[in-house]
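**Q** The structure is given below, and queries will be raised subsequently.
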Amino acid sequence: MTNQGNGSALAGRVIQTSVFPAAILALSTLIARLLVHGPLYFSDGTGHVLSIIKRLYVIQPPGYWLFNRTASLFPDPVLAISVMNILFSVAGVVVFYYTALLFTKRLNAFLAALAYSSVFYVWFSGEIHSTFASQIFFPVAIFYAVLRHDRGRSDGWLWLAAILFAVGAGLRPSDGAFMFPMVAFYCLGRLPAMKAVLFLGAVAVLCLGWLIPTILAYEHLTGRLAYPETGGRLVGVLDYLHGITSSKSVIFGMNSGSMADVLRFVLPLAVAFWAVLPAIILAVVRNRRDWRFQMLLLWIVPGSLFFAFIYISDAPYLNFLSPAVLLLALAAPRRMAITASWNTILFLCFVPILSKSLAVNTFNVYVGKYTRYGIQHQWWPNLSDLQAVTSDTAPTNPNGK
């Protein structure tokens, strides 16, 4: 039997012996999302629905045209976004499980998939009406398709990876940009030159396909949905992007806004993954010459640098890099089980800790609001609001919801 045949047969056996655990993961994730699903709220949820109703399909940069246009195909945009995000969550956990199986045995893969499903901000993303949940699925699906192609050399997996990249980038363009270094690394290191050119060319053409309707949509964006309020034209979009990346970046100076962005990146990651951090460090050191682990690092690092030094506003931005973090820790099943348990307890049991302590309220805002409490109470406080709350006064939502 040829190497290609061996790779395909091995992949086939992996799938055949893992359908039952995958079904359990899918069902448990679906039930978990449905049980704590909340009403329309949080961040840009209302903006997305309003843009669909007005047939604009874009909000602030980078627009999210594909996300809103897809939701507009259904009679109820609120229900459509809910269904999309729940399905992204379920599919992402299942694909993560099959990806982990290419590295480790079934028990380890199952525990890792449970941990992935339970990460508090990943769980939160599947419950809210925004674009974050798409990145629970697409990055790990791209990585899986690439690994399957490398094992069996079937071109179908490679072109599937190109389509997944384009669709994922279309739904959430910023995260698509962060995935590009990983994809380019695979093309340059593992593909023949002509095939690499064809693959990257296909990705570029497909991604540019979303850019045209997005630019046209911005020309009609005015009023309440315009960011900034310059009529929504392309020059306004560029001004908006320049503003958020300069005023809140530590590169341009240390201030409360830039330091807050650093905490919004570091704190949720530390809270979610503290238990597996030693295993991640050990895996990186031991497998530094393995191209698959190099790809995982390229999956994590570019976005992390942007979030830490340029801009991040909410913990669910971290969805796209979370699968790679957990894939690095597959050799530590006990720590993975602790991660799953800890995140589940945090998500389900968190309630705000009433305090005037800056450290406590930083935890409340940068971690606690991305939990079931945040969903059920539509709790979306700012740090300054909580600092003004006395110990005998319950925290309130500054938006009055």
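**Q** Sort out which residues of the range 75-109 are within 21 Å of A329 (Cα to Cα) and free of Cβ contacts under 8 Å to residues at least 40 places away in the same chain, and write them in order of number.
**A** K105
**Q** Mind listing just one residue for me: the one in the range 107-135 that is among the small types (G, A, S) and in a loop (DSSP other than H, G, I, E, B) and, of those, modelled with the highest pLDDT?
**A** First, pick out the residues of the range 107-135 that are among the small types (G, A, S): 109, 112-113, 115, 117-118, 125-126, 130, 133-134.
Filter once more, keeping what is in a loop (DSSP other than H, G, I, E, B): 126, 130, 133.
Details: G126: 90, S130: 88, A133: 94.
Ranking the candidates gives A133 first.
**Q** Inside the range 42-62, can you point out the residues that are small (G, A, S) and buried (at least 24 other Cβ atoms within 10 Å of the Cβ)? Full working, then the answer.
**A** Step one: of the range 42-62, the residues small (G, A, S) are 43, 45, 47, 51.
Correct list: S51 only.
**Q** Does A324 qualify as being crowded, with 20+ Cβ neighbours inside 10 Å and within 23 Å of the chain's Cα centre (by Cα)?
**A** Details: crowded, with 20+ Cβ neighbours inside 10 Å: yes; within 23 Å of the chain's Cα centre (by Cα): yes.
It is true that A324 is crowded, with 20+ Cβ neighbours inside 10 Å and within 23 Å of the chain's Cα centre (by Cα).
**Q** Please enumerate the residues belonging to the range 136-176 that are more than 13 Å from the chain's Cα centre (by Cα), surrounded by fewer than 22 Cβ atoms within 10 Å (Cβ to Cβ), in a helix (DSSP H, G or I) and touching a residue at least 60 places away in the same chain (Cβ under 8 Å).
**A** Passing the criteria: L147, R151, G152, V167.
**Q** Please determine whether any residue of the range 86-106 is modelled with pLDDT of 85 or more and closer than 30 Å to H220 by Cβ.
**A** As a first pass, look at the range 86-106 and keep what is modelled with pLDDT of 85 or more: 86-106.
Now restrict to residues that are closer than 30 Å to H220 by Cβ: 87-88.
The answer is yes; a qualifying residue exists.
**Q** Say whether the condition of being part of a helix (DSSP H, G or I) and of a type in the set (D, E, K, R) is met by at least one residue in the range 44-67. Quick ask: steps written out before the conclusion?
**A** Taking the range 44-67 first, the residues part of a helix (DSSP H, G or I) are 45-53, 65-67.
Add one more test, that the residue is of a type in the set (D, E, K, R), and what stays is none.
Scanning the range 44-67, I find no residue that is part of a helix (DSSP H, G or I) and of a type in the set (D, E, K, R), so the answer is no.
**Q** Right, another one. From the set of residues in the range 351-376 that are part of a loop (DSSP other than H, G, I, E, B) and touching a residue at least 60 places away in the same chain (Cβ under 8 Å), which is farthest from I128 (Cα to Cα)?
**A** So the first thing to find is which residues in the range 351-376 are part of a loop (DSSP other than H, G, I, E, B), and the list is 351-357, 367, 371.
Applying the additional criterion that residues be touching a residue at least 60 places away in the same chain (Cβ under 8 Å) yields 367, 371.
On the way: V367: 16, T371: 11 Å.
Going through the qualifying residues, I end up with V367.
**Q** Only residues that are under 23 Å from L346 (Cα atoms) and crowded, with 24+ Cβ neighbours inside 10 Å: list them for the range 95-109, please.
**A** Within the range 95-109, the subset under 23 Å from L346 (Cα atoms) is 96-97, 108-109.
Within the range 95-109, F96, Y97, A109 qualify.
**Q** Scan the range 305-322 and give yes if some residue there is in a helix (DSSP H, G or I) and more than 28 Å from W380 (Cβ to Cβ), otherwise no. Even if it seems obvious, please write down each step before you answer.
**A** First pass over the range 305-322, keeping only residues in a helix (DSSP H, G or I): 305-309, 315-322.
Subsequent filtering for residues that are more than 28 Å from W380 (Cβ to Cβ) retains none.
No.
**Q** Okay, moving on. Could you check, for the range 123-138, whether at least one of its residues is within 24 Å of A331 (Cβ to Cβ) and in contact with a helix residue (DSSP H, G or I) (Cβ under 9 Å, 6 or more places away or on another chain)? Before you say what the answer is, go through the steps one by one.
**A** Taking the range 123-138 and keeping what is within 24 Å of A331 (Cβ to Cβ), we get 136.
The next check asks that each one be in contact with a helix residue (DSSP H, G or I) (Cβ under 9 Å, 6 or more places away or on another chain); those that pass are 136.
Within the range 123-138, one or more residues are within 24 Å of A331 (Cβ to Cβ) and in contact with a helix residue (DSSP H, G or I) (Cβ under 9 Å, 6 or more places away or on another chain).
**Q** Checking the condition more than 17 Å from V140 (Cβ to Cβ), basic (K, R) and either part of a helix (DSSP H, G or I) or touching a strand residue (DSSP E or B) at 6+ places or on another chain (Cβ under 8 Å) (or both), which residue from R288, R292, R335 passes? Give the derivation first.
**A** Values: R288 fails: either part of a helix (DSSP H, G or I) or touching a strand residue (DSSP E or B) at 6+ places or on another chain (Cβ under 8 Å) (or both); R292 fails: more than 17 Å from V140 (Cβ to Cβ).
One residue alone meets the criteria, R335.
**Q** Turning to a different aspect of this structure: Tell me yes or no: at least one residue of the range 110-122 is buried (at least 24 other Cβ atoms within 10 Å of the Cβ), in contact (Cβ under 8 Å) with a residue 40 or more places away in the chain and closer than 30 Å to P213 by Cα.
**A** Yes; the residues of the range 110-122 include at least one that is buried (at least 24 other Cβ atoms within 10 Å of the Cβ), in contact (Cβ under 8 Å) with a residue 40 or more places away in the chain and closer than 30 Å to P213 by Cα.
**Q** Return the total of residues in the range 28-41 being farther than 16 Å from H129 by Cβ and surrounded by 16 or more Cβ atoms within 10 Å (Cβ to Cβ). Steps first, please.
**A** Our first condition is that a residue be farther than 16 Å from H129 by Cβ; within the range 28-41, this holds for 28-32, 35.
Filter once more, keeping what is surrounded by 16 or more Cβ atoms within 10 Å (Cβ to Cβ): 28-30, 32.
Adding up the residues that qualify gives 4.
**Q** Count, please, the residues in the range 337-370 that happen to be crowded, with 17+ Cβ neighbours inside 10 Å, farther than 16 Å from S384 by Cβ and among the hydroxyl-bearing types (S, T, Y).
**A** Looking only at that region, the number is 3.
**Q** So which pairs qualify, if the first residue must be in the range 33-49 and closer than 22 Å to S117 by Cα, the second must be part of a helix (DSSP H, G or I) and not β-branched (V, I, T), the Cβ gap must be under 7 Å, and the two must be at least 6 apart or on different chains?
**A** R33/S89; V36/R372; H37/S82; G38/Q376
**Q** Continuing with the same structure: Being in contact with a Pro (Cβ under 8 Å, 6 or more places away or on another chain) and in contact (Cβ under 8 Å) with a residue 40 or more places away in the chain: is that true of S125 here? Write out each step before concluding.
**A** Values: in contact with a Pro (Cβ under 8 Å, 6 or more places away or on another chain): yes; in contact (Cβ under 8 Å) with a residue 40 or more places away in the chain: yes.
When the stated conditions are applied, S125 passes them.
**Q** Spot the failing condition for A283; the list is (1) within 13 Å of the chain's Cα centre (by Cα); (2) not in a loop (DSSP other than H, G, I, E, B), and only one is missed.
**A** Unmet for A283, out of (1) within 13 Å of the chain's Cα centre (by Cα); (2) not in a loop (DSSP other than H, G, I, E, B): (1).
The values are calculated or read from the model by the stated rules, or taken from the named source; none is laboratory data. Only a predicted model underlies this, so the values are computations on that prediction, with no experimental measurement involved. Cβ atoms come from the backbone with ideal geometry, glycine included; neighbour counts cover every protein chain shown.
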